[in-house]
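One structure is given here, and the rest of the page talks about it.
The values are calculated or read from the model by the stated rules, or taken from the named source; none is laboratory data. Predicted, not measured: the structure shown is a model, and the values here were computed from it. As a convention, Cβ positions derive from the backbone with ideal geometry for all residues, glycine included, and neighbour counts pool all protein chains shown.
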Ligand SMILES: NC(=O)c1ccc[n+]([C@@H]2O[C@H](COP(=O)([O-])OP(=O)(O)OC[C@H]3O[C@@H](n4cnc5c(N)ncnc54)[C@H](O)[C@@H]3O)[C@@H](O)[C@H]2O)c1
């Protein structure tokens, strides 16, 4: 019960890493506000779960999500910004530096970077009195050159840098808000699978792709009081890929 008495908002919670995180947080005792563009079903009779539709690009919707969370649970202690797209789902075209369409760049920026920025801004406003923890989700693709995913890689690099700025700002303002980011390698979710073929990924030191629950476990650590002295950190969850 590492999140007992905490309330967490998790975006992108209808699928993949966000879904695994929301479920793990619930098992660890948190009250969870699970949001997604396509909505998240309310968990029937279970108290402590609120599923909402939210487009992270929309500042007014962020306000509404926090207000509903406060109305239902009284406080918000944790925000996980997991909503994201890699461009394939936007379906607008190739993503190498030569052929990338400006519209594709903008769509990916809006969800990944602006969505994360708006979430952090809303979280700071609501957490600054009592403190809290924000965990952003970037990617290994943002830490190296990504010539076939150039827009995606740029957004993920931006999220890492932005996370550090939020951490510094909050720390220096004495707000007791920690802000960290995970940088996953390839993880078995709908976002990753369509981009790749099958076979053993021998370029990954652990010789396999990761599971959403393995990223959720790292997010749990950063969101929990076990990480009370950790802020501004980018934590790779990548089977060792970033060491190669
Ligand atoms: N799967 C991987 O290999 C991998 C690796 C590194 C980082 N990531 C990152 O992890 C995060 C989660 O990705 P995933 O792999 O679980 O993908 P996923 O596609 O399974 O889940 C992403 C979720 O975000 C939601 N979403 C998309 N646009 C949204 C919007 N505008 N507002 C609200 N929700 C929106 C989608 O509906 C979806 O349910 C993303 O930020 C992704 O970039 C994934």
Count of the range 27-39 residues which are in contact with a helix residue (DSSP H, G or I) (Cβ under 8 Å, 6 or more places away or on another chain) and either more than 25 Å from residue 115 (Cα to Cα) or at pLDDT below 95 (or both): 1
Every residue from the range 24-46 that is exposed (fewer than 15 other Cβ atoms within 10 Å of the Cβ) and touching a strand residue (DSSP E or B) at 6+ places or on another chain (Cβ under 8 Å): 38, 39, 41, 42
Selection count, the range 153-175, where residues are surrounded by fewer than 16 Cβ atoms within 10 Å (Cβ to Cβ) and without any contact (Cβ under 8 Å) to a residue 60 or more places away in the chain: 6
Single residue of the range 58-89 satisfying the filter (assigned to a loop (DSSP other than H, G, I, E, B) and more than 20 Å from residue 179 (Cβ to Cβ)) that is modelled with the lowest pLDDT: 89
Criterion violated by residue 105 - all others in (1) assigned to a helix (DSSP H, G or I); (2) at pLDDT 95 or above satisfied: (2)
Among the residues listed as 226, 158, the single one being within 14 Å of the ligand (Cβ to nearest atom), at pLDDT 95 or above and not in a loop (DSSP other than H, G, I, E, B): 158
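Can you tell me which of 182, 166 is under 19 Å from the mean Cα position of the chain (by Cα), closer than 26 Å to residue 4 by Cα and more than 13 Å from the ligand (Cβ to nearest atom)? Write out each step before concluding.
Values: 182 fails: more than 13 Å from the ligand (Cβ to nearest atom).
Only one candidate passes the filter, namely 166.
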Scan of the range 127-145 for residues that are surrounded by fewer than 21 Cβ atoms within 10 Å (Cβ to Cβ) and either closer than 22 Å to residue 86 by Cβ or touching a strand residue (DSSP E or B) at 6+ places or on another chain (Cβ under 9 Å) (or both), ordered by number: 128, 131, 143, 144, 145
Members of the range 49-66 found to be touching a residue at least 24 places away in the same chain (Cβ under 8 Å) and touching a strand residue (DSSP E or B) at 6+ places or on another chain (Cβ under 7 Å), listed by number: 51, 54, 65
Residue match in the range 124-136 (condition: under 12 Å from the mean Cα position of the chain (by Cα), within 11 Å of the ligand (Cβ to nearest atom), part of a loop (DSSP other than H, G, I, E, B) and modelled with pLDDT of 95 or more): no
